[in-house]
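A.B. asks: Sending over a structure as structure tokens; questions will come in a sec.
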Amino acid sequence: MRPLCARVPSCTSAVALLDAWHDGATVAGSSAGAMVLTDPMVDPRGGAFTLGLGLIEQLAVIPHAATWSHEKVDRTLALAPGGVPVARIEERTALLRDPDGRWRVAGVGAATIFVDHQQAGLEALPS
């Protein structure tokens, strides 16, 4: 999949964000902001997938996981492209990638990773 900005070259804000990211800036997203940083991106309306900005490729995020019905999460996991990790992140919880590429979870809740509809660990996330 090609990230959203590769398909919409006139999105100057997103291009500036991508440039800053590639120059070493720290980028953070919360809720829909976390979803759009990835590619593919989960469509929160129904759990299908769409294009994201692609700062982190081959990862999809479900924010506010506790507010999603079991059926919607299950549908999202079933529709996920093969081999792409899906991170189900609870509220007041962050999934962080350190500069060395390692992932960690911070906050009061959990982040659960799924690959091919099976639970996986943080090591399944892209570095």
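A.B. asks: Would you pick out the residues in region 77-127 that are among the hydroxyl-bearing types (Ser, Thr, Tyr) and in contact with a strand residue (DSSP E or B) (Cβ under 6 Å, 6 or more places away or on another chain)?
C.D. replies: Across region 77-127, the qualifying residues are Thr93, Thr112.
A.B. asks: Would you confirm, using the coordinates I've provided, whether Arg88 is basic (Lys, Arg) and in contact with an Asp or Glu (Cβ under 9 Å, 6 or more places away or on another chain)?
C.D. replies: no
A.B. asks: Got a number for residues in region 110-127 being out of contact with any helix residue (DSSP H, G or I) (no Cβ under 9 Å at 6 or more places or on another chain), under 30 Å from Gly24 (Cβ atoms) and part of a strand (DSSP E or B)?
C.D. replies: Count: 1.
A.B. asks: Determine whether Gly121 is more than 14 Å from Val42 (Cβ to Cβ), among the small types (Gly, Ala, Ser) and at pLDDT below 95.
C.D. replies: No; evaluated as a whole, the condition is false for this residue.
A.B. asks: Does region 79-93 contain any residue that is touching a Pro at 6+ places or on another chain (Cβ under 7 Å), surrounded by fewer than 14 Cβ atoms within 10 Å (Cβ to Cβ) and more than 25 Å from Ala106 (Cβ to Cβ)?
C.D. replies: Within region 79-93, one or more residues are touching a Pro at 6+ places or on another chain (Cβ under 7 Å), surrounded by fewer than 14 Cβ atoms within 10 Å (Cβ to Cβ) and more than 25 Å from Ala106 (Cβ to Cβ).
A.B. asks: Please count how many residues of region 38-54 are aliphatic (A, V, I, L, M) and surrounded by fewer than 21 Cβ atoms within 10 Å (Cβ to Cβ). Before the answer, list the steps.
C.D. replies: So the first thing to find is which residues in region 38-54 are aliphatic (A, V, I, L, M), and the list is 41-42, 48, 51, 53.
In the following step, the residues that additionally are surrounded by fewer than 21 Cβ atoms within 10 Å (Cβ to Cβ) were identified as 48, 51.
Number of matching residues: 2.
A.B. asks: What about Trp68, is it surrounded by 18 or more Cβ atoms within 10 Å (Cβ to Cβ) and more than 13 Å from the chain's Cα centre (by Cα)?
C.D. replies: yes
The values are calculated or read from the model by the stated rules, or taken from the named source; none is laboratory data. These numbers come from a predicted model, not from an experiment. Cβ atoms come from the backbone with ideal geometry, glycine included; neighbour counts cover every protein chain shown.
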